[in-house]
Amino acid sequence: GIAVFPGGDRSHGILIVVDNRKYRLKGLQEGEVALYSDEGDYIKLKRGNQIEIATHTLTVNATSAVNITTPSFNVTAPNSNFIGNVGIAGALAMLNSNGGSGDINAAGQVSDHKGSMDQIRGIYNGHNHNDPQGGATGGPNQPM
């Protein structure tokens, strides 16, 4: 590398690094910038106001909060053959834009340690009570 000290001020040095070209990222468009490692990790500031990060594990340590404001948030776990692609340690609060309660919509089953919602609904809808007059009552008059 080459060290340059503009105006002779050694407190504001500039280091020009000559790197190993075999690790240099290729295919960047004009104006794009990247920070990369010899292991294949990189952060690219791309055209079209996009940032791309590639690594094995990305850890964010924030002492107060991580705030993301976006109209769409997608998580994809390709080639995952296990349950638990997204884990949350702690509570999950679904809030709407006004801070009130939000909704949870699932295309698949929602389950806990007692069973799926379908299983629990089946148990509730099929239950009855002992009738004080003898026998058993019918199922609930308002099925779940």
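The values are calculated or read from the model by the stated rules, or taken from the named source; none is laboratory data. This one's a predicted model, so the numbers in the text were calculated from it and none came from an experiment. Here Cβ is always computed from backbone atoms with ideal geometry, including for glycine, and neighbour counts include all displayed protein chains. The area values use the complete protein model at the heavy-atom level, side chains included, leaving out ligands, DNA and RNA. Shrake-Rupley method; radii C 1.70, N 1.55, O 1.52, S 1.80 Å.
Counting other Cβ atoms within 10 Å of each Cβ, which GluC sites (Glu not before Pro) in region 1-39 have at most 12 and sit in a DSSP loop? Please list the in-between numbers first.
Working: sites: E30, E32, E39; in loops: E30, E32, E39.
Counting only loop positions with at most 12 other Cβ atoms within 10 Å, the GluC sites (Glu not before Pro) in region 1-39 are E30, E39.
Loop by DSSP (not H, G, I, E, B), at most 13 other beta-carbon atoms within 10 Å: where is the longest site-free stretch of the chain for chymotrypsin sites (Phe, Trp or Tyr not before Pro)? Could you put the intermediate results ahead of the total?
Numbers: sites that count: F73, F82.
Longest gap between qualifying sites, sites excluded: 1-72.
Can you match Rg and Dmax of the Cα atoms in Å to one of these, [x] 13.9, 42; [y] 28.4, 102; [z] 16.7, 65, based on a calculation from the structure here?
Step by step, Rg and Dmax of the Cα atoms in Å for this structure corresponds to label [y].
Sum up the charges of everything whose Cβ sits under 14 Å from the Cβ of I120, counting Lys and Arg as +1 and Asp and Glu as -1, but leave I120 out. Please list the in-between numbers first.
On the way: positive: K114, R121; negative: D112, D118.
My count for the surroundings of I120 gives 0.
Total Lys pairs in the chain closer than 23 Å by alpha-carbon, pairs eight or more apart in sequence or interchain only? Working shown, then result.
Numbers: K22/K44; K22/K46; K26/K44; K26/K46.
Within the chain, the lysine pair count is 4.
Residue-wise, which Karplus ³J(HN,Hα) couplings in Hz belong to region 92-106, taking 6.51 cos²θ - 1.76 cosθ + 1.60, θ = phi - 60°, and x for glycine or proline?
Result, ordered by residue: 10, 10, 8, 10, 8, 5, 8, x, x, 5, x, 9, 10, 10, 10 Hz.
Summarise the accessible area of the chain (1.4 Å probe, protein heavy atoms) by the percent that is carbon and sulfur.
Values: 6670 of 13110 Å².
Summing carbon and sulfur atoms, their accessible area is 51 percent of the total for the chain.
Just from its helices, what would the mean residue ellipticity at 222 nm be for the chain, if runs of 4 or more DSSP H residues each count -39500 (n - 2.57) and the sum is divided by every residue, rounded to the nearest 500 deg cm²/dmol?
Values: 1 runs with 10 residues, N = 144.
Calculated at 222 nm, the ellipticity per residue is -2000 deg cm²/dmol.
Can you tell me the accessible area per residue over region 38-144, all protein chains present, probe 1.4 angstrom, in square angstrom?
92 Å²
Helix 117-126 against the longest principal axis of the chain: what's the angle in degrees, Cα atoms only, rounded to the nearest 10?
10 degrees
Label points 7 Å out from Cα along the Cβ direction at I68 and R10: separation in nm?
In this crude spin-label approximation the distance works out to 4.7 nm.
Per-residue HN-Hα couplings for region 109-114, Karplus 6.51 cos²θ - 1.76 cosθ + 1.60 at θ = phi - 60°, whole Hz, x for Gly and Pro?
Calculated HN-Hα couplings, in order: 6, 10, 9, 9, 5, 9 Hz.
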